[in-house]
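One structure is given below, encoded as structure tokens.
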Amino acid sequence: MKKLVLAISLLSFAASTAFADTILDRQEYMKERGKLVKQMGQMAKGETDFDAAAVLTALKGLEANAEKFDAEAMFPEGSLEGDTTASPKIWEDFSGFKAAEEKYLDAVKGAVAAPPGDLDALKATMGTIGGECGACHKAYRIKKS
């Protein structure tokens, strides 16, 4: 009986460790996305000079990042516990969650296909992409206090 309890405890610990890695992986993934958006946001706010080539590079980075999105791998059932701001709504509405990411990817692909050529166009692009980010965060993320 002690061996059974020990085995179950070890499996439980291993599962929680695996989910901790999953949570860290998805946080790193989102941080990568955030860095790219920040670069363009600094230009849109006038904190740095507008650079069309840098914008296109950032947009292509966002596109590559979004194309790597794998909801099943990044948000497996049971990965809600731990240091995460993922909302339970992700698993309650998994198809809606995946659809939100698809809308984001479509917005990014559209921006890559027709990159902004000036500051006003960048602001509009940031509004579109940021709107998709915000919609997903509002529905599927818990705000940190």
Find the relative contact order for segment 10-145 and round it to a whole percent, using C-alpha pairs within less than 8 Å whose residues are 6+ positions apart.
31 percent
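What is the calculated FRET efficiency for Asp51 to Met30, with r their C-beta to C-beta distance and R₀ = 25 Å, to the nearest 0.05?
0.55
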Expected output is a single nm value to one decimal: the length gained when fully extending between Glu81 and Leu119, i.e. 0.36 nm times separation in residues minus the C-alpha distance. What is it?
9.5 nm
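Can you figure out the FRET efficiency of Ser95 with Lys143, using R₀ = 25 Å and their beta-carbon distance, to the nearest 0.05?
FRET efficiency, Ser95 to Lys143: 0.60.
How big is the shadow of the Cα convex hull of the chain, averaged over all directions, in nm²?
Computed as one quarter of the Cα hull surface, the answer is 10.1 nm².
The numbers here are math on the coordinates, done by the rules we state, and not lab data. Computed from a prediction, not measured in an experiment: that's the story for all the values here. Cβ sites come from the backbone with ideal geometry, for glycine too, and all protein chains shown count toward neighbours.
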